[in-house]
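The next block holds one structure in the form of structure tokens; read it before the comments.
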Amino acid sequence: MKAIIFDFDGTVADTLPTIYHSFQTIFKQFDDKELSDEDVKAMFGPSEVGIIHERLSYQDKEKAMETFYRVYADSHAELVKENQEIQELLKFLKENKFKLGVVTGKGRSSLDISLKMLHLASYFDVTIAGDEVGHAKPHPEGIHKAMDLLNAGPEESMYIGDSDADIKAGSRAGVTTIGVQWLPDYQTPEFAEEPDKLFKDVGDFKEYIKSYIS
């Protein structure tokens, strides 16, 4: 195994609470619409830019985006905590010469906010955001792009995620798929398409990956 590629929200970081809060804030402020966490989750797929352009009725999309990113950044420290287990896992993988990537549906701006605030940016060799591909997951475009940049083939790569779209994207890309439910907030209680492996504990995955270390 050469490349380990991660989804971000609900996989690398427990960012779903601040995502829910940010969307709920702008839809209330600009469309006077109350959204539950499940309502927000149902819109996932496109980046936040795509969701706002497709779902928000308010005409000034740029103003809405500015508000979204302000709320996202302002609420991040309170709603998203650093996860020591994840950081130790990423450090372990880097020390053992795995190439690491992120392929996420979130936009570049919010991804960079989270990577900076959680001190995670240095671990990843490549990060592909949702507004940097033409097709959202479950399309495999982002994973293919990451593999190209990491110079790794499907047989040398795995994709790790917490949603059905993640597992479907990984399967379509021909990589090993890893479903995870190891953070407090994750997207899929039961995967519609069975991943190659399922982990509910970061430590168990760390033990599993040792089988790829010679």
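The values are calculated or read from the model by the stated rules, or taken from the named source; none is laboratory data. Not measured: the values here are computed from a predicted model. Counting neighbours? That spans all protein chains shown, and the Cβs are built from the backbone with ideal geometry, glycine included.
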Original post:
Do we have residue 97 as surrounded by fewer than 21 Cβ atoms within 10 Å (Cβ to Cβ), outside any loop (DSSP other than H, G, I, E, B) and without any contact (Cβ under 8 Å) to a residue 40 or more places away in the chain here?
Top reply: no
Subject >> Residue list for the range 75-89, filter: under 25 Å from residue 214 (Cβ atoms) and surrounded by 20 or more Cβ atoms within 10 Å (Cβ to Cβ) >> reply: 86, 89
**OP:** Please name all residue pairs, on different chains or six or more residues apart, with Cβ atoms under 9 Å, provided the first residue is in the range 39-52 and is at positive phi and the second residue is of a type in the set (A, V, I, L, M).
**Re:** 45/51; 45/136; 45/165
Subject >> Single residue of 213, 167 found to be of a type in the set (Val, Ile, Thr) and buried (at least 23 other Cβ atoms within 10 Å of the Cβ) >> reply: 167
Original post:
Given the conditions (1) at pLDDT below 95; (2) of a type in the set (Gly, Ala, Ser); (3) in the same structural domain as residue 116 (by TED's automatic domain parsing), which single one is not true for residue 10?
Top reply: (1)
Original post:
Which of the residues spanning the range 181-214 are outside any helix (DSSP H, G or I), more than 17 Å from residue 168 (Cβ to Cβ) and in contact (Cβ under 8 Å) with a residue 12 or more places away in the chain?
Top reply: 182, 183, 184, 185, 199, 200, 201, 213
Original post:
Within the range 115-156, which residues are charged (D, E, K, R) and over 16 Å from residue 93 (Cβ atoms)?
Top reply: 116, 131, 132, 137, 141, 145, 148, 155
**OP:** Return the residue satisfying two criteria in turn: it lies in the range 144-195 and is of a type in the set (S, T, N, Q) and over 14 Å from the mean Cα position of the chain (by Cα), and of such residues it is farthest from residue 79 (Cα to Cα).
**Re:** 151
Original post:
Within the range 105-115, can one find any residue that is more than 13 Å from residue 7 (Cβ to Cβ), surrounded by fewer than 16 Cβ atoms within 10 Å (Cβ to Cβ) and either basic (Lys, Arg) or assigned by TED's automatic domain parsing to the domain that holds residue 185 (or both)?
Top reply: yes
